[in-house]
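One structure is given below, encoded as structure tokens.
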Amino acid sequence: MNQAVEAAQQAFKSWSRTPKRERSDILMKLADEIEKHSDELIAAESKDNGKPKWLAQAVDIPRAPENFRFFATAILHFNSEIHEMDGQALNYTLRQPIGVAGCISPWNLPLYLLTWKVAPALAAGNTVVAKPSEVTPMTAFIFSKICQKAGLPKGILNIVHGTGEKVGDPLTRHPDVPIISFTGGTETGGKIASATAPLFKKLSLEMGGKNPNIIFSDAEFDNAVEMAVKASFSNQGQICLCGSRLFVQEDIYDKFKSDFLEKTRNLVVGDPRDNSSNLGAIVSKQHMEKILSKIEQARDEGGKVLTGGKRLQLDGELKNGYYIEPTIIEGLPADCQTNHEEIFGPVVSMIPFKSEEDVISMANSTRYGLSASIFTSDVSRAHRVASAIDSGIVWVNTWLLRDLRIPFGGMKSSGIGREGGFNSLQFFTESKNVCIKI
Ligand code: NDP
């Protein structure tokens, strides 16, 4: 890790002075090279993580070249401000690369989230030491080979494999790494915040969530049910944006529950290589056990498991795999542990509500504030509730519709700072104001 930081420091001297156009061309070429290796990356991501292959093909892997193309072009349009002082002086703000950026990413969307950090850091003229999750290192390893093949200048990107303790922690404490971008759990984010605070590092933290999915009785019913299934169980519920608390207005609760249950029971948990599998495996034994213990905790708290709730044993070579049935729980108050702690698995808790005020108060009652979805056909209500919910991202009548330009990130214990679009380029640069007297 120390050697990687040293190499990145050396490379920064030339990369930070490389014209933007040239940096952009190199990153665009890298995107092309990633695309050429799509099949290999898709197979590796699915095998390493357990996610269905079709999902890696539709979402994870295409996002890697997209991240590079997006930031390789964004940097060409990135500008800064001029403040003119009534003929007395002119202030202009430079936005300069900072140095070696430490990029730490999790296992749920391995290559997608690694490149989401590396691409803007490099586009802005920094060099990078990246630490992918040791739970799912494979696509990062293949990606490092692709970078060599694409002729990425030596030292600008250094991928160091190893655990959080052995590599992540020393990276955050390294005196020559002034900027850290982290995506992962809130507890880890807290450790990184304490390690970096005395060193005054620039820090971006994208952390956990306990996202509310709110269905009003005037919502377009079928769309709301379909989106609730996606928001609850996509990627086995292992997306930070998953809607793990499903609030449904009382007058449609029973009908919604019955349709939601039926659609959930029809989901196929199976071989990740098989296109007909809606859900694949949980990422690791340890994580599967954590999810199962959270389901037990829900039972202990008085929750009723409407469907699922158990480990699923598949046949043949998959019989020891870490599969969990999609699980719906109801009957728990909004303030119990199950409804406050992140589970990060295929588990959703249904909670009925009476009024707009009630649901806003319940939705805002956790320490998290990453994302929320609201389903309603009343435009005024959509604006009102969106404005009142404590979260960095609010979707209305949809879920996980992503535009790479938007500010992405959470409030409260879900994050500090925003990434995405020019927010990422601002984060990965330092602003310096120059005042010239006229
Ligand atoms: P972790 O916090 O366990 O790990 C994230 C990364 O941090 C891994 O690379 C890990 O290494 C590393 N790490 C662990 N300890 C330290 C440390 N002390 N210092 C520096 N780095 C460290 O999260 P998970 O990998 O379990 O990912 C799941 C979590 O990520 C969930 O809480 C989820 O909500 C959140 N997440 C948030 C997103 C967002 O955009 N807000 C998006 C996706 C996920 P290793 O595991 O290799 O030991």
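Quick notes on this structure:
- The one condition in (1) away from the ligand (no atom under 12 Å from the Cβ); (2) under 28 Å from V269 (Cβ atoms) that L241 fails to fulfil: (1)
- In segment 165-213, the qualifying residues are those that are hydroxyl-bearing (S, T, Y) and more than 7 Å from the ligand (Cβ to nearest atom), and the one that is most open to solvent (accessible area, probe 1.4 Å) is S194.
- Restricted to helices (runs of 4 or more DSSP H) entirely inside segment 23-137, those with at least 2 residues that are surrounded by fewer than 24 Cβ atoms within 10 Å (Cβ to Cβ) are 38-49, 61-77.
- P178 being within 22 Å of A72 (Cα to Cα), out of contact with any strand residue (DSSP E or B) (no Cβ under 6 Å at 6 or more places or on another chain) and touching a residue at least 40 places away in the same chain (Cβ under 8 Å): no
- The set of residues in segment 289-315 that are in contact with a Lys or Arg (Cβ under 7 Å, 6 or more places away or on another chain) and not polar (S, T, N, Q) comprises L292, V305.
- Taken over segment 151-164, the criterion of being more than 6 Å from the ligand (Cβ to nearest atom) and either modelled with pLDDT of 95 or more or assigned to a helix (DSSP H, G or I) (or both) is satisfied by L152, P153, K154, G155, I156, L157, N158, I159, V160, H161, G162.
- In the set A197, A119, only one residue is assigned by TED's automatic domain parsing to the domain that holds L30 and in contact (Cβ under 8 Å) with a residue 40 or more places away in the chain; that residue is A119.
- Across segment 318-342, the number of residues qualifying as open to solvent by less than 10 Å² (accessible area, probe 1.4 Å) and within 15 Å of the ligand (Cβ to nearest atom) comes to 0.
To keep it simple, each residue is scored yes or no on (1) surrounded by fewer than 17 Cβ atoms within 10 Å (Cβ to Cβ); (2) touching a helix residue (DSSP H, G or I) at 6+ places or on another chain (Cβ under 7 Å); (3) at pLDDT 95 or above; (4) within 29 Å of F70 (Cα to Cα).
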position	(1), (2), (3), (4)
P346	no, yes, yes, no
E356	no, yes, yes, no
M362	no, no, yes, no
G369	no, no, yes, yes
I374	no, yes, yes, yes
R381	yes, yes, yes, no
I393	no, no, yes, yes
G417	no, yes, yes, yes
T429	no, no, yes, yes
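- Selection from segment 285-313 of residues that are farther than 30 Å from D335 by Cβ and surrounded by 15 or more Cβ atoms within 10 Å (Cβ to Cβ): L312
The values are calculated or read from the model by the stated rules, or taken from the named source; none is laboratory data. Values in this document were obtained by computation on a predicted structure and should not be read as measured data. We place every Cβ from the backbone using ideal geometry, glycine too, and count neighbours over all the protein chains shown. Ligands, DNA and RNA are stripped out before the accessible areas are found, and what is left, the full protein with its side chains, is counted by its heavy atoms. Shrake-Rupley method; radii C 1.70, N 1.55, O 1.52, S 1.80 Å.
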